[in-house]
Structures are given as C-alpha cells and as structure tokens.
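*Asks:* Handing you a structure now.
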Amino acid sequence: MTAQSSKTVLSLDSEAVLSLKDGINFKNSPDDAKCYIIYKENGELKACKNQCKHQGGLFIKDIEDLDGRTVRCTKHFWKLNVSTMQYVNPPDSITQDELGKLSCHFLNLKGY
Ligand code: FES
C-alpha cells in the first residue's frame, strides 16, 4: 500500500478570496501558471483543476449556462457543473475530482 501525499497547488490570501465573485472563477497559479476553477456560493468554495477528465481539455465559460454553474470543455464540448463537480453532458457520466482544504478567508488548495 502506498502513502498518499498532497501538495499545495494554489494559495490565495484573504483579499484575493474576498474578491472572488459568486459563481465560477478561473484562477492561475503564480507558481506554475496552471489554471484552477473556483466555485463560490453562499460563502462556500469548491475547486478543481481546469483540466477535463475525458482527454485533458481546458474548460471555458459556457455561454449557454444560464445559472452560472457550468463550464464547457474546448476539446469535445462536455459540460461540467462546478457546483456539484458532476459532468452534465454527457449526462450521468464521470465526476470531476474536487481539490480539498478550502476556507472562505484563506484558500489553500491541495492536489493529490
Ligand atoms: S477532453 Fe474534454 S470533452 Fe473530451
């Protein structure tokens, strides 16, 4: 059995966290320029890598998304509901891996 380790992939100070808008936010890490998606609703935060689980495409804002919860992959156009981390197109398919260790005052995202 191998031990699972984690590392911080993105840190935001309290000012940066407060500046997040409700709904979907795209943030780049200053360390390696990788992009992360942070979803904010009622002070709760969820985050994931901006990397599609299908074949690694990048997500962008979905212009057909009326409730501000869905992003669209640029490769094959799958859609991800970031509020649930569930892919909605194709329906009932895979789930995006959520990054852990979030707080509203200081964001310190851990990736595994
Ligand atoms: S890589 Fe995202 S839908 Fe195929």
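The values are calculated or read from the model by the stated rules, or taken from the named source; none is laboratory data. This structure is a prediction, so every number in the text was calculated from the model and none was measured. All Cβ positions, glycine included, derive from the backbone under ideal geometry; neighbour counts span all protein chains shown.
*Asks:* Could you grab the pairs with beta carbons closer than 9 Å, sequence gap of 6+ or different chains, first residue in region 54-77 and within 14 Å of I94 (Cβ to Cβ), second one surrounded by 15 or more Cβ atoms within 10 Å (Cβ to Cβ) and of a type in the set (G, A, S)?
*Replies:* C73/G57; H76/G57
*Asks:* Kindly provide the set of residues from region 41-54 that are polar (S, T, N, Q) and either under 12 Å from the mean Cα position of the chain (by Cα) or within 14 Å of D97 (Cα to Cα) (or both), ordered by number.
*Replies:* N50, Q51
*Asks:* Could you tell me whether region 72-92 includes any residue that is modelled with pLDDT of 85 or more, acidic (D, E) and out of contact with any helix residue (DSSP H, G or I) (no Cβ under 6 Å at 6 or more places or on another chain)?
*Replies:* no
*Asks:* Going by the conditions given, is L12 on the phi < 0 side of the Ramachandran plot and away from the ligand (no atom under 16 Å from the Cβ)?
*Replies:* Spelling it out, L12 is indeed on the phi < 0 side of the Ramachandran plot and away from the ligand (no atom under 16 Å from the Cβ).
*Asks:* Would you say G68 is modelled with pLDDT of 95 or more and of a type in the set (G, A, S)?
*Replies:* When the stated conditions are applied, G68 does not pass them.
*Asks:* Also: Of the conditions (1) over 14 Å from N81 (Cβ atoms); (2) within 16 Å of the ligand (Cβ to nearest atom); (3) not polar (S, T, N, Q), C48 fails just one. Which one is it?
*Replies:* The one condition C48 does not meet is (1).
*Asks:* From the list T74, T70, pick out the single residue that is touching a Leu at 6+ places or on another chain (Cβ under 7 Å) and over 15 Å from I24 (Cα atoms).
*Replies:* Matching residue, one of T74, T70: T74.
*Asks:* Another question, if that's okay. Are any of the residues in region 22-43 surrounded by fewer than 12 Cβ atoms within 10 Å (Cβ to Cβ), within 23 Å of P90 (Cβ to Cβ) and of a type outside the set (D, E)?
*Replies:* No, region 22-43 has no match at all.
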